[in-house]
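The next block holds one structure in the form of structure tokens; read it before the comments.
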Amino acid sequence: MLRSVPLISVPRVLSRLAQGLLVVFISASVAFGLMRSVKGDEFSHLLDNTNATAAVIASLRDDAGHNTPILQQYGSWMSHVVRGDLLTSKAYRGQTVVSLIGAVLPNTLLLMSLAFFSSLALGIGFGVWQGVNTDSRSDRIASSITLGIISMPDFWVAMILILLLALHWPRLPTGGMSSTDVVGFSWQTLHDRTRHLVLPWLSLTLINAAAFARYQRAAMRDVVGLQFLRTARAKGVPESVVISNHALRVAVLPLVTIAGMFFPALLVGTILIEKVFSWPGMSALLTLAVNKRDYPLVSGIIIVGSAMTALGSFLADVVRELLDPRLRR
Amino acid sequence: MQRPPVRALLLRRSVLLLLAFMLTILVAPYFAPYDLHSGLVSQTKYQPPSSTHVMGTNTLDVDLFSLVLKGSQVSLIIAASATAISLAIGLAYGMISAMVGGWFETVLMRITDISFSLPRFLILLAVSSIVSEPLSVPQLILLIGMTGWFEVARLTRGEVGSLLTRDWVLAAQATGVSRARLAARHIFPHLVPILAVMATLGIGHVIVLEAGLMFLGAGGPQSSLGSLLQSASGISGWDHWWLVFFPGIAIVLIVLACNALGDALRDVFAPEQVHAWPTT
């Protein structure tokens, strides 16, 4: 008897959500531990650089809660994190970490999401084609190419693209997100933004599409020999429909899981490529934070980074639940 | 299960060739054409590749080919040692959790799942910025090794879990074999193939990771391939393409060799569980 089954198992989704939150919580704890393991604090430099006396600095430390027990400091740090109210940056005086990250995050997300979806589409398409024509001559050549690409560091691919294309083709800029002389909202602006986006997007897409293609090829190979496809062919379903509707529906499921696991790598890749192209995103902030030893900013980036990847894999889990009827019990 | 076909493996020409390549990298710097500290003697800085300097020279007159040989050695040593640490920790953790089982196993595996999701790259970068001097080679090895074992533990646990259901385990237990002996003499030999695949893929993965860390400004060993690329980035690199090209090609060749070796090992042993690790 048919029973109506919910599209999504709520307990499982909730437990995945809880795990994602736990990851962010532990990242915040690690960030706290890192900040506290540094000798000196944000007031140490005052003694050398200003006229402040030791007594004034001690009272500043008192006000900031540095003399309270470590557990109490941890509790106050966590309550700040929960409220989304991180500390103030050291390198940018008076700016909160949240406002600094908030200013650059959209740029990173733009590059990251464009590259993610295009590499997923490209990788799945390429992998399916390889999986169907498995062990043919073209499949072997394609496999060597993808193996070569996944062996390259992301940022080196970007550097080589600059050397190959941008230096000989000035219409493709090597850095930044927009030209200074193009402002306002117009077709010209859109064209300018797109021009700046091409190379960073291309480098990020190449690397990730090659990786996705390798996984998709393996997944497709596992499926093409299965009985239900023979049944479909036997009852006269055209080959293209067998592949796209019957085989791919099964073979794409592992890819959704893999895509969810890919978010940490994707974030790191984006950060590295942003650095090559001086893209005004998280990378610029991170490099500055590391060089200036701006620990509040570093820990803010760790927390936001972990939240981004946790959210990404959570969404991948939800998509998998929606796509795979076998999970609905 | 059959014994791993080691002979068949060693007879494969590709495997031999790739192993020989790795060994060559380890000894190559001793045969480098130029001394790395001999810079600034001749006025030959920023020389493009020529017959005297096959990869050109850098800003300090140093022969890039000799630097790349040294860098490949340093990067390979870092990656191999860090991977060895990750494998050792992950193997012990995975085996213990699978053999003890029950809630203990569940808790341990939940810990690895969560640790695996932490932003490892960002945390490593933060740690390197806290240490005031550039990281030394042993520090870098420890840091990368101690944060890279979660996936090894997960795969080992899965493999041991499935081995434990075999009849020969029951037979061994029936003869009164202790748990430690069961693990060391009966289970472990079956893990060698999966470990070999994880080791080769892991080395390639760490080389890329280290290069990325150095590129983003984590202070580290000056001679690694990542540092070479880092110093070539920016203005000097765009005018002097060889500074960008050759260290990168060295990374690609080593990682490609690792990935190809991993694939070859997987074809021989066919442990289905090990897919190429997502490169971070």
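Laboratory data are not the source of any read-out in this text; all were calculated from the coordinates shown. What you see is a predicted model, and the numbers here were worked out from it, not measured in a lab. Backbone-built Cβ (ideal geometry, glycine too); neighbour counts: all protein chains shown.
From least to most packed, judged by other beta carbons within 10 angstrom and beginning with the fewest, B:E105, B:E210, A:E239 follow the order A:E239, B:E105, B:E210. Starting from the Kirkwood radius over alpha-carbon pairs of the stretch B:49-206, derive D by Stokes-Einstein at 10 °C in a medium of 1.306 mPa s and give it in µm² s⁻¹. Answer from the Stokes-Einstein relation: 87 µm²/s. Rounded to 0.05, the FRET efficiency of the A:L109 and B:L17 pair, given R0 = 45 Å and the Cβ-Cβ distance, is 0.55.
Here B:L170 and B:M146 are evaluated by their C-beta separation; at R0 = 35 Å the FRET efficiency comes out at 0.45.
Taking every C-alpha pair closer than 8 Å and separated by at least 6 residues, the mean separation divided by the residue count of chain A gives a relative contact order of 31 percent.
Residues of the stretch A:67-108 falling in the label zone of A:S178, defined by backbone nitrogen less than 13 Å from a point 7 Å along Cα to beta-carbon, are A:107.
Here each label is just a point 7 Å from Cα along the line to Cβ, and for A:S37 and B:A88 those points are 2.0 nm apart. Among A:H196, A:H246, A:H168, a tally of other beta-carbon atoms within 10 Å of each Cβ gives an order, fewest to most, of A:H168, A:H246, A:H196. Note on A:L21 and A:V98: their simple-model spin labels are 1.8 nm apart, each label 7 Å out from Cα toward Cβ.
Counting lysine pairs in the protein assembly as shown that sit 8 or more residues apart in sequence, or on different chains, and whose Cα atoms lie under 25 Å apart gives 6.
Counting neighbouring beta carbons within 10 Å and listing from fewest to most, the residues A:S15, B:S117 come out as A:S15, B:S117.
The distance between label points at A:L327 and A:S79 comes to 3.8 nm (points 7 Å beyond Cα on the Cα→Cβ vector). Across the stretch A:231-329, C-alpha contacts under 8 Å between residues 6 or more apart give a mean separation that, scaled by the residue count, equals a relative contact order of 33 percent. Taking the square roots of 5 times each eigenvalue of the Cα gyration tensor of the stretch B:137-237, largest first, gives ellipsoid semi-axes of 43, 12, 9 Å. Along the charge dipole of the stretch A:201-301, which of A:A209, A:V223, A:Y295 sits closest to the positive end, that is, farthest toward it, with unit charges on the beta carbon of Lys, Arg, Asp and Glu (+1, +1, -1, -1)? Final value for the positive-end residue is A:V223.
With r as the distance between the Cβ atoms of A:T231 and B:E133 and R0 = 56 Å, compute the FRET efficiency 1/(1 + (r/R0)^6) and round to 0.05. Once rounded, the FRET efficiency stands at 0.25. For the segment A:262-272, counting C-beta atoms of other chains within 10 Å of every residue's C-beta and taking the mean gives 5.
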